[in-house]
1. Would you kindly state how much longer the chain becomes between T54 and R38 on full extension, computed as 0.36 nm times their sequence separation minus their alpha carbon distance, in nm to one decimal?
2. What's the local net charge at F30, with K and R +1, D and E -1, over the other residues with C-beta under 15 Å away?
Amino acid sequence: MAARKQKLNLDKMTVIQHSNAQANRNNRPFLRLPGEIRNLLYGYALGGHELRQTRTGPTGEAAYGSH
């Protein structure tokens, strides 16, 4: 019974994720651009720097660094 409930929860999450992805494509024109063009624009906006998120500390708070 627990396995069936878990599968139903996973199926529900998949539907929600698909719905969110579809909404993003419809409501955010930037996300409709091909990935190669988005990556070029990110490169121009960041001036060639890369932003990486790392986890630090025992609570896992996010810290951002530029490379």
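A short reminder: the numbers here are calculations on the coordinates, not readings from a lab. Note that the structure is predicted; figures quoted are calculated from it, not measured. Neighbour counts run over all protein chains shown; Cβ positions are idealised from the backbone, glycine included.
1. 3.5 nm
2. Value of the local net charge: +3.
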